[in-house]
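None of the figures in this text is laboratory data; all of them are computed from the coordinates on show. All figures in this text were calculated on a predicted structure; none of them were measured in a lab. Note that we place each Cβ from the backbone using ideal geometry, even for glycine, and neighbour counts take in every protein chain shown.
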Amino acid sequence: MACPTSYDGAGQVNADARSVLVVDDEILLRYLIAEQFRERGYTVLEAVDAQEALSILESGTVVQAVFTDVLMPWPIDGVALARIIATKWPSVPVVLTSGTPDRVDDRRGVAAFFLKPYDLQKVVEHIGALIDARPSCPPDQADSVA
Amino acid sequence: MNTPAPPTSTQETILVVEDEVYVRMTVAEYLRGCGYKVIEAASADEAIVVLQNTEITIDIVFSDVDMPGAMSGFALAQWIRERRPDLHVILAGTVDRAVSAADDLCENGPLPKPYHPQVVVDRIRRLVAARAAKRQR
């Protein structure tokens, strides 16, 4: 498994930062959850849809967990995004959220599901636990800078 | 759902409006590094949702000019002038201008600049070029 290294906006290594990618086409929800993470010291990347989320992941900016809405603009919804992440970035847990109860048959890459309206604190705690559960990496196994 | 708390002390909040995710994320990170609180909007429509929310305090709007959708940066600036004349609006149509404007804001930011603004330009260009190269394969 590749050992992720977190980078700041300049592409410099930031070994202590936790980083999460929030994906939601509703800006107020995206902003609220992103701020909850930032107040706890997380680096937060924000994407308005799956296309942006994939651009961020492909940029090499390390993401340690993804929190994504299910319902997003065509052609890739949150479930499909989770499947893609499970294939290309298998060490990155994906947590889904939706306003309708979980009827997702294909749970590939889905670590958890939160029904909206969710408790912001519980989401942040759960994702923090998922990140902490990842195996730690020795410093000499850092990825190259994107 | 919890509503956001108002910004503490004198930390100013910048609303960055930019549809290109690589520009938005790197400029936003730079501004946060200077001590600003930053809200990211991917379109003028998203920006208006934020601006119409009375519980969110915005001090500066920093917007791209050309954006997809019904409203450009110019139209957004016009909308703001009519409804929120108190807001400082910065429009930037190119990456260089956006980073230059961000650098100007960082000159007056609460914290020292985290790194040289050319680093931001270089990173954006590198990311955009890498994405273009991948798409051509």
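With the highest mean first, a sort of the peptides B:41-54, B:111-124 on other beta-carbon atoms found within 10 angstrom per residue produces B:41-54, B:111-124.
Sorting the segments B:79-86, B:61-68 by their mean number of nearby beta carbons within 10 angstrom, highest to lowest, gives B:61-68, B:79-86. Between A:R18 and A:T43, the built amide H atoms are under 5 Å apart, and every one of these is 5 or more places off in sequence or on another chain. Averaged over the residues of peptide A:80-89, the number of Cβ atoms from other protein chains lying within 10 Å of each residue's Cβ is 0. Both numbers refer to the Cα atoms of the protein assembly as shown; Rg and Dmax are 18.2, 56 Å. Dimensions of region B:21-137 from C-alpha coordinates, computed as largest minus smallest value along each principal axis and given longest first, are 45, 36, 22 Å.
With the highest mean first, a sort of the peptides B:18-26, A:70-78 on other beta-carbon atoms found within 10 angstrom per residue produces B:18-26, A:70-78. Per residue of peptide A:111-122, the mean number of Cβ atoms on other chains within 10 Å of the residue Cβ is 1. Counting Cβ atoms of other protein chains within 10 Å of each Cβ in A:28-36 and taking the mean gives 5. Each Cα pair under 8 Å and six or more residues apart adds its sequence gap; the mean of these over the residue count of region B:1-103 is a relative contact order of 29 percent.
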